Amino acid sequence: MIRKTVTITFISLVLMIAGCVKETYNMNTLSKQAHISPTWAISAVKGDVQFSDMVKASDTVVFDQNKLVTLVFRKDSVVDLKLSDFAKGTVVKTATIDPGTFDLNIEDIFSHITGDFLMESPVIKFNYINSFTDSVKVTLIASGHRGSGSVNLNLKPFGLVKPNLPAQQEVNTTYVIDKNNSNLPQLVSLPPSYLSYSGSAKLTVQTKSGTEPVDLQSPGRLTGSLEVDIPLDLKVNNLQYADTVDNFIKTGKGSDNTLDPANFQLLQVLLSATNGFPLGVSVKMSLYDSATHTLKSTVDASSLLKPAPVDASGKATGTTESSTVIEFSRTFFSEVDKADKIIFWFTLNSTSNGEVKIYSDYRINFKAAVVVKPDVTFTVDNPF
């Protein structure tokens, strides 16, 4: 199709020029072959993307009143203790919090990610309802796990609020676990594919001075759940996401792709963007031969998007303009049919590798054009 289009265009140009020429030329001197290699720029795509358009608010993704994006994970029925669960004792009675796990369902995403990032302000909320009128202290042992790595929460035992009888029969409240009382930022930034937890609760019977302690008789109960809130308040340093797909530009036998790289001396994508995210992005695209485990050729866009400027709190204060040329050279195309896979590498860095915050109204405005330089030689029959 490309050859036909070029041929028709070439003949049309020749006819238009010939119509303006008054002299007669010897047509026998025409070459039997013609070669054409124009450069064309074709507008390809443009768009305007806002974070809230990409990820809708749900139980997992929450936008607060300030539009700060937070990831939320919930686990119900972590604790359910009744009086009968507490071992007999005189003053201190002990109950066990059964071991369990909390799957965050993010293993598939983070299995493709390498590099360093730190979540600055994650929070675990231990939401509980307590109707015991005596003091209860909870020991919660938790750790995050990913592959062979793990990080302990290192949370000290904490006391629970108890109801104020007779007006208050139970307390419904929350104990907050954060960077001030634990290793939570380091645990979340592992990042864990799941959390494991266990623990105990100690109930201390209150007695009057000079009297013997008695067994607790009140029908108290303690129930609790966990909620992990991860505001996108983070530092990113060379965080790389890699994914492998089938070679969709392969042109060998059996391929449905009609693009013949031999027809092109040059193929470029020109991208200009206005980035409102405080994250810079670079991209590489590698042809990969899975049989020999080798990279055949790579196209590198080292500064696809430059990060937006931020204020002292890490919030973006404006946008940054970027212009990038992604070049698919003839050398790259010569390796296309030698690879069965393509690996895409995306690398992220926060502005100045510092702390940044992600808000739902951040956006990227972009437009792209394709520049092609076909290199076509075709035969012209000489009837003279």
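What follows draws every value from the coordinates through simple rules; no lab data is involved. Please read all numbers here as calculations on a predicted model, not as lab measurements. Methodologically, a virtual Cβ is constructed for each residue, glycine included, from the backbone with ideal geometry; neighbour enumeration extends over all protein chains shown.
Between ASN237 and SER200, what length comes free when the chain is fully extended (0.36 nm per residue of separation minus the Cα-Cα distance, one decimal in nm)?
On the way: separation 37, 0.36 × 37 = 13.32 nm, distance 3.86 nm.
Going from the current span to full extension adds 9.5 nm.
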*asked:* Run the numbers for LYS46 and VAL62: contour at 0.36 nm per residue of separation, minus the present Cα-Cα distance, in nm.
replied: 2.9 nm
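What does the C-alpha gyration tensor say about the overall shape of the range 69-231? Classify as rounded when a/c is under 1.5, otherwise prolate if a/b is larger than b/c, or oblate. Don't skip to the end; give the middle numbers.
Working: a/c = 2.71, a/b = 2.36, b/c = 1.15.
The shape class here is prolate.
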_Entries in LYS250/LYS284; LYS46/LYS338; LYS75/LYS284 that, when Cα-Cα distance is taken, lie over 27 Å_ = LYS46/LYS338; LYS75/LYS284
*Just list whichever of LYS156/LYS235; LYS67/LYS367; LYS82/LYS137; LYS179/LYS202; LYS137/LYS162 have alpha carbons separated by over 20 Å in the model shown.*
LYS156/LYS235; LYS67/LYS367; LYS179/LYS202
*Could I have the simple spin-label model distance between VAL176 and LYS88, label points 7 Å from Cα toward Cβ, reported in nm to one decimal?*
4.3
*Taking the Cα-to-Cβ direction at LEU295 and at LYS156 and moving 7 Å from each Cα, how far apart do the two end points lie in nm?*
4.9
*Rg (Å, one decimal) plus Dmax (Å, integer) for the alpha carbons of the range 263-358?*
16.8, 52
